[in-house]
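Visitor: Please read through the structure below; I'll follow up with questions.
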Amino acid sequence: MSIPSHEDEHLPAILGGRPMFPDGPPDWPGPMPEVAAAISEAWADGSWGRYDGPNVAHLESDLARRCCCRVLTCVSGTLAVQLALQAIGVASQDRVVLAAYDYEGNFLAVHALGAIPLLVDVTPDLSIHLGQLEEACRRRPRAIIVSHLHGSLQPMASIREIADRWSVAIVEDAAQATGATVQGRPAGGWGDVGVLSFGGSKLLSAGRGGALLTPRDDLEAKLRVLLRRGGQRWAALSELQAAALRPQLDRLSRRHCQRAAAVAALDSLLAGVPGVRRIRSPVEGSPAFYKVGFRIQPDEFGLQRDSFVRAMQAEGISIDAGFRALPIGRSPRRFEALGTWSEAEGMHRHLAVLHHPILLRGDEAAERIAHAWRRVYANRDRLGQM
């Protein structure tokens, strides 16, 4: 996988050069012999078709050991957020604090319960603005949703201290941070309820699926009630999905190390490129790098984020714009705001996110990404005219 060396080496693919990754982004989750073996075993012993077989129970036990919490699986991380809010007691007209830059599904989960999103700004490292969070708690919200996003980790110890002082529950969304550690605890383990996701693009993938984590006996009991109808879990992870997830969990730590090494290589290779700032965690921990966030400053980089993203995608690199900020394009009647959301709006306009599968391809892949990045920068004037 050497870097192309010919006459169009310095020409971006979008301008006619040879793509850095001619075959496009790597498939995910891709072939895994261990997963195939686990699925075959579930087929052979008949557990794949049971309501309550051994695979889900073993997966929940494995996750509980790693996360130091009680664990219940379900059909999706998005549903898990809504169930977490219900278990906490969020009801119609209650306020729920969210960062103005967050996953849209969390905003919609609040609305699904008839509650009111109370939006606060983020900081340049994507952590929730602690000063605004403190002020928001004066409005007596029922809960706070905090999400670890784009390779950054939330300052959970400070958030926990504020929440405890105001008797506000925390839902910790670790859908992008499965297996990460945050200030000495597993991601998801700081919240009254934590949430993981096993969606098709996630670090642990079963196509769909999620998990609820809690250190509290009372919330575990409420979640069990919410998850059951007629004596069975109505929103359950299947035995076949659980069988596919367990071998992936075994290799998760090793893959985290590979991704972290690739990100460190990118940091070094992109040093000196103007207008590029990787989103970094403000606190001690080990990020999971499901997506790696880069803020592209057009006045320094010389190219708007969307033009940059199109050029990098033409190189066969899976990189996209970040989330839409939650207030953008929505009626002010659908939320309450605390102050301005200038940082969240900046993320909305300037953030690009690199998807994780390429990070498992080692240093040479990092070199190719950086080479593509530099030749896009070198041709920024031509690209800006397209």
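Listed here are the residues, each with its yes/no results for (1) of a type in the set (A, V, I, L, M); (2) loosely packed, with under 13 Cβ neighbours inside 10 Å.
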site	(1), (2)
Pro33	no, yes
Val56	yes, no
Arg65	no, yes
Leu72	yes, no
Arg95	no, no
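Visitor: While we're looking at this one, here's another question. Out of region 55-99, which residues are touching a Pro at 6+ places or on another chain (Cβ under 9 Å) and in a helix (DSSP H, G or I)?
Guide: Result: Arg66, Cys67.
Visitor: Give me the residue from region 262-274 that is touching a residue at least 24 places away in the same chain (Cβ under 8 Å) and assigned to a helix (DSSP H, G or I) and, out of that set, nearest to Gly151 (Cα to Cα).
Guide: Val263
Visitor: Quick one: would you say Arg142 is in contact with a strand residue (DSSP E or B) (Cβ under 8 Å, 6 or more places away or on another chain), over 26 Å from Lys202 (Cα atoms), of a type outside the set (S, T, N, Q) and modelled with pLDDT of 95 or more?
Guide: yes
Visitor: Do you know which residues across region 287-345 are free of Cβ contacts under 8 Å to residues at least 12 places away in the same chain and not in a loop (DSSP other than H, G, I, E, B)?
Guide: Residues satisfying the conditions are Gln313, Pro332, Arg333.
Visitor: Then there's this: Name the residues in region 97-111 that are farther than 13 Å from Arg334 by Cβ and crowded, with 21+ Cβ neighbours inside 10 Å, would you?
Guide: Hits for region 97-111 are Val97, Ala99, Tyr101, Asp102, Tyr103, Asn106, Ala109.
Visitor: Which residue, of Asp164, Asp173, is under 16 Å from the mean Cα position of the chain (by Cα) and either buried (at least 24 other Cβ atoms within 10 Å of the Cβ) or over 25 Å from Arg251 (Cα atoms) (or both)?
Guide: Selected residue: Asp173, the only one of Asp164, Asp173 that is under 16 Å from the mean Cα position of the chain (by Cα) and either buried (at least 24 other Cβ atoms within 10 Å of the Cβ) or over 25 Å from Arg251 (Cα atoms) (or both).
Visitor: A follow-up question, please. Of all residues in region 310-349, which are within 29 Å of Arg382 (Cβ to Cβ), buried (at least 22 other Cβ atoms within 10 Å of the Cβ) and touching a strand residue (DSSP E or B) at 6+ places or on another chain (Cβ under 9 Å)?
Guide: Met312, Ile317, Ile319, Gly322, Met347, listed by residue number.
Visitor: On to the next question. Could you check region 351-374 and list, in sequence order, the residues that are more than 24 Å from the chain's Cα centre (by Cα) and surrounded by fewer than 21 Cβ atoms within 10 Å (Cβ to Cβ)?
Guide: Answer for region 351-374, where residues must be more than 24 Å from the chain's Cα centre (by Cα) and surrounded by fewer than 21 Cβ atoms within 10 Å (Cβ to Cβ): Glu364, Glu367, His371, Arg374.
Visitor: Give region 176-187 a look and list any residue that's under 12 Å from the mean Cα position of the chain (by Cα) and either within 15 Å of Ser127 (Cα to Cα) or modelled with pLDDT under 95 (or both), or say none.
Guide: Gln176, Ala177, Ala187, listed by residue number.
Visitor: Taking region 254-309 only, how many residues are buried (at least 20 other Cβ atoms within 10 Å of the Cβ) and among the charged types (D, E, K, R)?
Guide: Of the residues in that region, 4 qualify.
Visitor: Let me ask you something else. Within region 217-235, is even one residue without any contact (Cβ under 8 Å) to a residue 60 or more places away in the chain, assigned by TED's automatic domain parsing to the domain that holds Asp62, assigned to a strand (DSSP E or B) and surrounded by 17 or more Cβ atoms within 10 Å (Cβ to Cβ)?
Guide: No, region 217-235 has no match at all.
Visitor: Of the conditions (1) in a loop (DSSP other than H, G, I, E, B); (2) over 23 Å from His256 (Cα atoms); (3) in contact (Cβ under 8 Å) with a residue 12 or more places away in the chain, Ala163 satisfies every one except a single condition; which number is it?
Guide: It is condition (1) that Ala163 fails.
Visitor: From the list Gly114, Gly89, which residue is free of Cβ contacts under 8 Å to residues at least 24 places away in the same chain and surrounded by fewer than 23 Cβ atoms within 10 Å (Cβ to Cβ)?
Guide: Exactly one residue qualifies, and that residue is Gly114.
Visitor: Continuing with this model, one more query. Here are some conditions: (1) touching a Pro at 6+ places or on another chain (Cβ under 8 Å); (2) farther than 17 Å from Trp190 by Cα; (3) outside any loop (DSSP other than H, G, I, E, B). Gly151 meets all but one. Which one does it not meet?
Guide: It is condition (3) that Gly151 fails.
The values are calculated or read from the model by the stated rules, or taken from the named source; none is laboratory data. As the structure is a prediction and not an experimental result, all values here were calculated from the model. Here Cβ is always computed from backbone atoms with ideal geometry, including for glycine, and neighbour counts include all displayed protein chains.
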